[in-house]
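Here is the structure we will look at.
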Amino acid sequence: MTDILGNMRRTHTCGELRASDATKEVILMGWVQRRRDHGGVIFIDLRDKEGLTQIVFNPEFDVDTHEKAQVLRSEFVIGVKGQVMARPDDMINGKMDTGAVEVFVKELKIFSHAQTPVFQIEDRVEASESIRLQHRHLDLRRPQLQKNIIARHTASRAVRDYLNDRGFLDIETPFLTKSTPEGARDYLVPSRVNQGSFYALPQSPQLFKQMLMISGFERYYQIVRCFRDEDLRADRQPEFTQIDMELSFVGEEDIMEITEGLIKAVFQKVRGIDIETPFERMTYAESMDRFGLDRPDLRFDLELCDVSDLVKDTGFKVFASVVKKGGMVKAINAKGCATFTRKEIDELTDFAAIYQAKGLAWIKVKEGGEWQSPIAKFFTDDEKAALAQKLDMETGDILFFVADSPKVTNEALGQLRNELARRLKLIDPDTYRFVWITHFPLVEYDEQEKRYQALHHPFTAPLEEDLDKLESDPANVRSRAYDMVLNGTEIGGGSIRIHSTELQEQVLKLLGIGEEEAQEKFGFLLNALASGTPPHGGLAFGFDRLVMLLCQEDSIRDVIAFPKTQKATCLLTEAPSAATTAQLQELAIKISKIEA
RNA sequence: GGGGGCGUAGUUCAGUUGGUCAGAACGCCUGCCUGUCACGCAGGAGGCCGCGAGUUCGAGUCUCGUCGCUCCCGCCA
């Protein structure tokens, strides 16, 4: 049997040779990064996933090999045997890890020729997303993406090591399963042997992991693919990966402690960064009040201030009427930013409008505390003094106000807070600020459907001291749900679950899910609950998002080997694609064109 | 479902009020070159200006439609 490798086997990677390796005979294998042909001597940068090494073809060293190297071009795959040479001091390349050496080649094997790549395999070459995804195999050769995919593996391994060491069991749950109640749109899979019936791909293994607790496994985890048929974003793919966990006989603090340790281990292993634990805790109510969002970025201040009380009777009707209708007026003081131009203020107004804010009122504080503002004339001196005190208004400040429903005011001003921080460069990209957000509302009233909806999911336990409000005042029942937030991004969330059948039935009733519907959709869980259920709870991390933050990338596509486009297609495989008539017949499915 | 950005050479882009506007850089090919490392020098090839209509004497440029990539709102933990 002949074999192109022959007896050639790699002795070193392209990233590891140093001056101390000089005179060694080595065998390297990899891709031709770049060829510099000087006529007499040819330099090649050889690349593998570990790095680059300069190899030299010199006719004085080996005339036949030099001749053979003439044909080498970008992305050819070769193996070379040669001698490591220390470079003279004036030829050391300080920009390369291996820059102190080079390998003089005496034997060359060309494993593969390669077409000229459509884009160069370098981090600094920015090809369009479309080109990158069509040629993902080339894109993935770029050092940055290799680093990301390796970091993803390192993170995954750190998670498994940590959880395995703590008695967690990795248990697989079905992909072909049943539609989960509430939540996102399902991906459906038609059944051939049960024509007309469909499986749903799991949005999360929620029900199964609770079943596993009921079965007595006590500690479960899975790094598991989940599916949601919703529109995509930079941080949302239709299939994505969760670190899914569930524990029995625990409360919130136990889960927080163990997952803080998990995140600490991941940051240690992937980035060598020591994260301080325990993390800060903040209630949902406090987060909304101070930051307007349930995922506050704590790397900077710029806190929101509720001035509804001070302006409820003011002559500025926009403010007064909003407060009278149950809305709120909040403000941000951008200290020292009275230098903002009209154009900048207009841009910020447009920014707030994205989040439904109908306007963005502003006040610049001039020398002597004088207000420059389109709304200054509506306020009495007393009102001005009260606002100035409450908002700590000093010369050189600019204040931004949003007046609307609590939902819009908080969202718009909370987002504006983040935008101001970006513009003012208040964010240190190397800082990691974690916070737990706790006591989320159990339910939220859905104006469109005229009913309460679970904020987290229907199996989340209400806070014990709020149980009496379950019927009388459901909107103010707090839950035992918690989110882990990192730098303004939710990276994980979970809750203590309901483990009593009675309470579960009560909550389902509140959500308007009738007994029949409940039985049909997840009767199996309700039955199981009645069979002896331990107190339990859990949490799921968005693994892609976590790795994205670890890699300091802006899109999860850059930490997923084969991501989908915004239209949920795969440019590499051209999925999804039409099914054959025969396939459709087997499934008893007819395609009807849906009119727009 | 809605709003914004982009689409011109293999790649990234420039292209003014519609009239030398078919351009640059990198890449590629050929030749020269024994110390480069984003090598250098000389020469060369390479274009359905996403696609389709329309306006016009004339469209890369204006209008409409359509397709694709992307950011965001809605939606979605």
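The values are calculated or read from the model by the stated rules, or taken from the named source; none is laboratory data. Just so it is clear, the structure is predicted and the values come from calculations on it, not from any experiment. So basically every Cβ, Gly included, is an ideal-geometry build from the backbone, and we count neighbours across all protein chains shown. Ligands, DNA and RNA are excluded from the accessible area calculation, which covers all protein heavy atoms including side chains. Shrake-Rupley method; radii C 1.70, N 1.55, O 1.52, S 1.80 Å.
Computed from the C-beta positions of A:Leu426 and A:Val63 and an R0 of 51 Å, the FRET efficiency is 0.20 to the nearest 0.05.
Take the Cα of A:Thr565, step 7 Å toward its Cβ, do the same at A:Ile591, and the gap between the two points is 1.7 nm.
Full extension of the chain between A:Glu257 and A:Tyr445 gives 64.5 nm of extra length, using 0.36 nm per residue less the Cα-Cα distance. Accessible area per residue was computed with a 1.4 Å probe on protein heavy atoms; A:Arg152 scores about 40 Å². Remark: relative contact order (chain A) = 13 percent; criterion is Cα-Cα distance under 8 angstrom and separation of 6 or more residues. Against the criterion of solvent-accessible heavy-atom surface with a 1.4 angstrom probe, A:Lys147, A:Lys325 sort, most first, into A:Lys325, A:Lys147.
Take every pair of alpha-carbon atoms less than 8 Å apart whose residues are at least six positions apart; their mean separation over the length of segment A:482-551 yields a relative contact order of 44 percent. For the pair A:Thr13 and A:Phe198, a Förster radius of 41 Å applied to the C-beta separation gives a FRET efficiency near 0.25, rounded to the nearest 0.05. Once all protein chains are placed together, A:Ile4 keeps about 100 Å² accessible to a 1.4 angstrom probe. Pairs exceeding 23 Å between alpha-carbon atoms, taken from A:Lys358/A:Lys407; A:Lys178/A:Lys469; A:Lys330/A:Lys407: A:Lys178/A:Lys469. Averaging the Cα positions of each part gives two centres, and for segment A:525-596 and segment A:479-494 these lie 21 Å apart. Phi angles of segment A:304-318 translate, via the Karplus equation with coefficients 6.51, -1.76, 1.60 and θ = phi - 60°, into HN-Hα couplings of 7, 10, 7, 10, 3, 4, 6, 10, 5, 10, 6, x, 7, 4, 4 Hz per residue; Gly and Pro are given as x. Accessible area of A:Arg225 (1.4 Å probe, protein heavy atoms only, ligands and nucleic acids ignored): about 100 Å².
Helix A:381-390 and the longest principal axis of the Cα set of chain A meet at an angle near 40°. Distance from the alpha carbon centroid of segment A:214-262 to that of segment A:30-54 works out to 45 angstrom. In order along segment A:251-262, the phi-based Karplus estimate (6.51 cos²θ - 1.76 cosθ + 1.60, θ = phi - 60°) of 3J(HN,Hα) comes to x, 3, 4, 5, 5, 4, 5, 6, 7, 4, x, 4 Hz; Gly and Pro are listed as x.
Shown in residue order for segment A:364-374 are the 3J(HN,Hα) couplings computed by the Karplus curve 6.51 cos²θ - 1.76 cosθ + 1.60 at θ = phi - 60°: 9, 9, 8, 3, x, x, 5, 8, 10, 6, x Hz (x for Gly and Pro). Each of A:Lys521, A:Lys324 has its accessible area taken with a 1.4 Å probe; listed largest first, they run A:Lys324, A:Lys521. Element breakdown for chain A at a 1.4 angstrom probe: carbon and sulfur atoms account for 49% of the accessible area. Roughly how tilted is helix A:143-165, in degrees to the nearest 10 and between 0 and 90, from the longest Cα axis of chain A? Long axis of A:143-165 versus the principal axis of chain A: about 60 degrees.
Here's how it looks for A:Ile491: its modeled amide H is under 5 Å from those of A:Met484, A:Val485, A:Leu486, which are all 5 or more places away or on a different chain.
Across A:Ile513, A:Ile110, the residue with the most accessible area heads the list, and the full order at a 1.4 Å probe is A:Ile110, A:Ile513. Among the listed pairs A:Lys209/A:Lys509; A:Lys325/A:Lys425; A:Lys147/A:Lys264, those with a Cα-Cα distance over 27 Å are A:Lys325/A:Lys425. Once the Cα atoms are used to define both axes, helix A:501-510 deviates from the longest principal axis of chain A by about 70 degrees. Suppose R0 equals 25 Å; then what is the FRET efficiency for A:Phe119 and A:Ala578 from their Cβ-Cβ distance, rounded to the nearest 0.05? With a Förster radius of 25 Å, E is 0.25.
Segment A:72-87 and segment A:133-162 have Cα centres spaced 25 Å apart.
Ligands, DNA and RNA are left out, and with a 1.4 angstrom probe the accessible area of chain A is 51 Å² per residue. Estimated from helices alone, the mean residue ellipticity of chain A at 222 nm is -8500 deg cm²/dmol (sum of -39500 (n - 2.57) over DSSP H runs with n ≥ 4, per residue). Qualifying GluC sites (Glu not before Pro) in segment A:378-457, where qualification requires a DSSP coil assignment and no more than 15 other C-beta atoms within 10 Å, comprise A:Glu394, A:Glu447, A:Glu449.
Looking at chain A alone, DSSP beta bridges between its own residues are antiparallel in about 90 percent of cases.
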